[in-house]
1. Of all residues in the stretch 239-259, which are within 16 Å of the ligand (Cβ to nearest atom) and surrounded by fewer than 21 Cβ atoms within 10 Å (Cβ to Cβ)?
2. Pull up the stretch 298-343, narrow it to residues that are within 16 Å of the ligand (Cβ to nearest atom) and farther than 28 Å from ALA54 by Cα, then point me to the one that is nearest to the chain's Cα centre (by Cα).
3. What is the number of the single condition among (1) in a loop (DSSP other than H, G, I, E, B); (2) farther than 29 Å from LYS40 by Cβ; (3) in contact (Cβ under 8 Å) with a residue 24 or more places away in the chain; (4) not β-branched (Val, Ile, Thr) that SER313 does not meet?
4. Of the residues that sit in the stretch 32-66 and are of a type outside the set (A, V, I, L, M, F, W, C) and open to solvent by less than 10 Å² (accessible area, probe 1.4 Å), which one is farthest from the ligand (Cβ to nearest atom)?
5. List every residue pair whose Cβ atoms sit under 8 Å apart, with the two residues 6 or more apart in sequence or on different chains, where the first one lies in the stretch 332-343 and is touching a residue at least 24 places away in the same chain (Cβ under 8 Å) and the second, anywhere, is open to solvent by 60 Å² or more (accessible area, probe 1.4 Å).
6. I'm told ILE271 meets every condition in (1) within 16 Å of the ligand (Cβ to nearest atom); (2) open to solvent by 10 Å² or more (accessible area, probe 1.4 Å) except one. Can you identify the failing condition by its number?
Amino acid sequence: MPEESIDHIDFIKLNEKAISQPLVSHIYTADPSAHYFNGKIYIYPSHDVDAGEAFDDLGSHFAMEDYHVISMDSIDSEAVDHGVALHVDNVSWAEKQMWAPDAAHKNGKYYLFFPAKAYDGIFRIGVAVSDSPVGPFQPQPKAIKNSFSIDPAVFEDEDGSYYMYFGGLWGGQLQRWRKGTFNAESPDSPTAHIPKDDEPALLPLIAKMTDDLLEFAEAPKEIEILDENGELLLAGDTDRRFFEASWMHKYKEKYYFSYSTGDTHFICYAIGDTPYGPFTYGGKILEPVVGWTSHHSICKVEDTWYLFYHDSSLSKGVTHLRSVKVTELHHLEDGSIKTIAPYSK
Ligand code: FUB
């Protein structure tokens, strides 16, 4: 939904129909990774700011510098901002663009995983550790070895293994890694190195984490997203192919990999039998929201599943000034997920 097409009056009408309102409105927040740790909800979002960078398809206008953690005692209670949990100035390897993070909890420690652009212009993924779920987090001196691109999502399986899913196209640079090393040709083009429409789409990656959650325990592997005929989704299938915003949740012994389709603005899901897939495309979770990006997480709180997501309605459509929201998510009897229309109240 391009923001330019909506005027002020339309925003008032749209917001009246919105199924949920921003969880916090004193700062802009996006890319919410929600977790239920020790009976409380913790949201690890990006902290959107207007740094004065012009909009471009490489996402230069997403010039975030720090992370805040938001907590809620229950799904209906006030969302509390715990202030700066990590700032780019404290991360020795990172220069800028603190994009969508995630967090994990293990043995009393909390781990914040975050992508940022290093001084050579290449996105890497870092990790920072705290004794508290709300930080402050102490960053590791170097990015995770062999990490690249953006949007880490760390999933804890029932056997105690942790896996990181990651990757993102265009400004997220995934297409530059097709030959195994960073391809710096055509630096200003978001679409250079993207496969042709009739070729398989680029795939997200997975890597099992080491026991201390500080490194990859294996070389990252691609995960396959297949269509109803068992064929890889094609690059031209832009309503369904992976773009960014990986997330994993497990429901009734099945693994649900969900993601954003980027330039077509859907949140979709695909189902598999193992954390590594392959995953078969299942459908849409969320219709387009106000703003260019869509990014989500799925979290079970007691017996109810929720979709945390964002939109740009509070900023009246400014793509890089987003707000985190939450709504209930429904798994249907046949294993599918009910599609959510964000402005249908
Ligand atoms: O917030 C910056 C980027 O926008 C994220 O990393 C993407 O997933 C998109 O939401």
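1. Of the residues in the stretch 239-259, the ones within 16 Å of the ligand (Cβ to nearest atom) are 241-248, 257-259.
Matches in the stretch 239-259: none.
2. Residues of the stretch 298-343 within 16 Å of the ligand (Cβ to nearest atom): 298, 307-315, 317-325, 342.
Then keep just the ones that are farther than 28 Å from ALA54 by Cα; that gives 298, 307.
On the way: ILE298: 11, LEU307: 12 Å.
The qualifying residue nearest to the chain's Cα centre (by Cα) is ILE298.
3. For SER313, the failing item is (2).
4. Filtering the stretch 32-66 down to residues of a type outside the set (A, V, I, L, M, F, W, C) leaves 32-33, 35-36, 38-40, 42, 44-48, 50, 52-53, 56-57, 59-61, 65-66.
Now drop any that are not open to solvent by less than 10 Å² (accessible area, probe 1.4 Å), which leaves 32-33, 44-46, 48, 59, 61.
Details: PRO32: 10, SER33: 11, TYR44: 12, PRO45: 9, SER46: 4, ASP48: 7, GLY59: 6, HIS61: 9 Å.
Restricting to residues being of a type outside the set (A, V, I, L, M, F, W, C) and open to solvent by less than 10 Å² (accessible area, probe 1.4 Å), the top hit is TYR44.
5. GLY335/LYS252; GLY335/LYS254; ILE337/HIS330; THR339/GLU287; ILE340/GLU287; ALA341/GLU287; PRO342/GLU287; TYR343/LYS17
6. For ILE271, the exception is condition (1).
Each row is one residue, and each column tells you yes or no for (1) out of contact with any Ser or Thr (no Cβ under 6 Å at 6 or more places or on another chain); (2) surrounded by fewer than 17 Cβ atoms within 10 Å (Cβ to Cβ); (3) without any contact (Cβ under 8 Å) to a residue 60 or more places away in the chain.
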position: LEU234; (1), (2), (3): yes, no, yes
position: GLY262; (1), (2), (3): yes, no, no
position: SER294; (1), (2), (3): no, no, yes
position: THR304; (1), (2), (3): yes, yes, no
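The values are calculated or read from the model by the stated rules, or taken from the named source; none is laboratory data. What you see is a predicted model, and the numbers here were worked out from it, not measured in a lab. In this analysis, Cβ positions are derived from the backbone assuming ideal geometry, glycine residues included, and neighbour counts consider all displayed protein chains. Ligands, DNA and RNA are excluded from the accessible area calculation, which covers all protein heavy atoms including side chains. Shrake-Rupley method; radii C 1.70, N 1.55, O 1.52, S 1.80 Å.
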